[in-house]
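Reading through the structure tokens given below for one structure.
The values are calculated or read from the model by the stated rules, or taken from the named source; none is laboratory data. No experiment lies behind these values; they were computed from the predicted model shown. Positions of Cβ are generated from backbone atoms using ideal geometry, with glycine treated the same way; all protein chains shown enter the neighbour counts.
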Amino acid sequence: MKRRAIIAGNWKMNYDLAQSEAFAVALRERLAHVREVDVVLCPPFIALASVAERLRGSQLALGAQNMHWADKGAYTGEVSPHMLKGLARYVILGHSERRAYFCETDESVHQKVHAAFTHGLQPILCVGENEQQYEAGETSAVVGAQVRAALRGVSAADARKMVLAYEPVWAIGSGKAASAAGANAVIGLTIRGVLSEQFGEAVAQSVRVQYGGSIGASNIEEFMQQPDIDGALVGGASLKADDFVRIVEAATRF
């Protein structure tokens, strides 16, 4: 049986405060009828509190795009899990752009995952291989290692609460998505395989795993038809109300 789908929109470094507020209100209105899918909006940090107010009382959830692992300290420009507690429900961790541009490592992602659980936040843990690794046939080894490192020491109870997002780096923003069958194989064999090793098959089959990477309204159904894909982490298409609504509505059919 398929797990409940989850669609997350990652707005990245787009939309100022007023734009974020207006967009959140528009999506709240246009998605008010959706009950079959969990929808998460991830605006920039400056808009989190304001968007939270716009979403209050709706079925839409709020997510942060990143966080530090420490509760507080001399980390200029960072946001702690303690600051997000009670504001956001989800937090994206280990996104490929954070790993590539901000030197995040498997170890720092591991620390963030534990901090998120400590503060009652649900991680959306991103894993994926770059183009060189993909061409070299290293996808399974790379993705498996990322999952193992991030979830080292995590309890089975916490693991059940998280979401994973498989985002092949070579597909992000490139316009060339992985094939739906190929993504499903990585998720089913590698990601759920590692989850089964660490937490048992029941947990492995209960954790929701999204696909991310040039996903849009035109190809969402291909991915949602796959048995091991439970939703999408949407980048560029989440900035267009028509596209994002179509993605969410498509997910309700699976």
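Checking Gly63 against (1) touching a helix residue (DSSP H, G or I) at 6+ places or on another chain (Cβ under 8 Å); (2) of a type outside the set (Lys, Arg); (3) surrounded by 14 or more Cβ atoms within 10 Å (Cβ to Cβ): exactly one of these is not met. Which one?
Against the list (1) touching a helix residue (DSSP H, G or I) at 6+ places or on another chain (Cβ under 8 Å); (2) of a type outside the set (Lys, Arg); (3) surrounded by 14 or more Cβ atoms within 10 Å (Cβ to Cβ), Gly63 comes up short only on (1).
Would you be able to tell me the number of residues in segment 77-103 that are within 21 Å of Gln210 (Cα to Cα) and either of a type in the set (Gly, Ala, Ser) or crowded, with 18+ Cβ neighbours inside 10 Å (or both)? First the steps, then the outcome.
Restricting attention to segment 77-103, the residues satisfying the condition of being within 21 Å of Gln210 (Cα to Cα) are 88-100.
Retained after the next criterion (residues that are either of a type in the set (Gly, Ala, Ser) or crowded, with 18+ Cβ neighbours inside 10 Å (or both)): 88, 90-100.
So the count comes out to 12.
Under 6 Å between Cβ atoms, at least 6 apart or on separate chains: pull out the pairs that start in segment 216-228 with a residue that is touching a residue at least 12 places away in the same chain (Cβ under 8 Å) and surrounded by fewer than 19 Cβ atoms within 10 Å (Cβ to Cβ) and end on any residue that is of a type in the set (A, V, I, L, M) and not in a loop (DSSP other than H, G, I, E, B).
Between residues of segment 216-228 that are touching a residue at least 12 places away in the same chain (Cβ under 8 Å) and surrounded by fewer than 19 Cβ atoms within 10 Å (Cβ to Cβ) and residues that are of a type in the set (A, V, I, L, M) and not in a loop (DSSP other than H, G, I, E, B), the close pairs are Ala217/Ile247; Glu221/Ala250; Glu222/Ala180.
What's the number of the only condition in (1) in contact (Cβ under 8 Å) with a residue 60 or more places away in the chain; (2) more than 21 Å from Glu167 (Cβ to Cβ) that Val127 fails to meet?
Val127 satisfies all of (1) in contact (Cβ under 8 Å) with a residue 60 or more places away in the chain; (2) more than 21 Å from Glu167 (Cβ to Cβ) except (2).
Return the residues of segment 129-158 that are of a type outside the set (Val, Ile, Thr), surrounded by 21 or more Cβ atoms within 10 Å (Cβ to Cβ) and closer than 14 Å to Gln198 by Cβ; say none if nothing qualifies.
To start, the set of residues in segment 129-158 that are of a type outside the set (Val, Ile, Thr) comprises 129-138, 140-141, 144-146, 148-153, 155-158.
Going one step further and asking which of them are surrounded by 21 or more Cβ atoms within 10 Å (Cβ to Cβ), we end up with 129, 146, 150-151.
Result: Gln146, Ala150, Leu151.
Any idea how many residues of segment 161-183 are under 16 Å from the mean Cα position of the chain (by Cα) and farther than 13 Å from Leu125 by Cβ?
Initial filter on segment 161-183 (under 16 Å from the mean Cα position of the chain (by Cα)): 161-169, 171-173, 183.
Within this subset, residues satisfying the condition of being farther than 13 Å from Leu125 by Cβ are 168-169, 171-173, 183.
Residues that pass the stated criteria total 6.
Going through segment 214-235 one residue at a time, which ones are outside any loop (DSSP other than H, G, I, E, B) and either aromatic (Phe, Trp, Tyr) or modelled with pLDDT under 95 (or both)?
Residue satisfying the conditions is Phe223 alone.
Counting only residues that are touching a strand residue (DSSP E or B) at 6+ places or on another chain (Cβ under 7 Å) and in a loop (DSSP other than H, G, I, E, B), which one in segment 1-51 is nearest to Ser238 (Cα to Cα)?
Only one residue fits best here, namely Trp11.
Quick test of your reading of the structure: Ala202 fulfils all but one of (1) outside any loop (DSSP other than H, G, I, E, B); (2) in contact (Cβ under 8 Å) with a residue 60 or more places away in the chain; (3) not aromatic (Phe, Trp, Tyr). Name the failing condition by number.
Checking Ala202 against (1) outside any loop (DSSP other than H, G, I, E, B); (2) in contact (Cβ under 8 Å) with a residue 60 or more places away in the chain; (3) not aromatic (Phe, Trp, Tyr), the one that fails is (2).
Six or more apart or on different chains, Cβ atoms under 7 Å: show the pairs whose first residue is in segment 77-95 and in contact (Cβ under 8 Å) with a residue 24 or more places away in the chain and whose second is crowded, with 16+ Cβ neighbours inside 10 Å and of a type in the set (D, E, K, R).
Filtered contacts from segment 77-95: Leu93/Lys112; Gly94/Glu104.
Being in contact with a Pro (Cβ under 9 Å, 6 or more places away or on another chain), under 17 Å from Gly94 (Cα atoms) and modelled with pLDDT of 95 or more narrows it down to one of Ala149, Ala165, Ala116, Ala159, so name that one. Don't jump to the end; show me each part of the working.
Values: Ala149 fails: in contact with a Pro (Cβ under 9 Å, 6 or more places away or on another chain); Ala165 fails: in contact with a Pro (Cβ under 9 Å, 6 or more places away or on another chain); Ala159 fails: in contact with a Pro (Cβ under 9 Å, 6 or more places away or on another chain).
After applying the criteria, what remains is Ala116.
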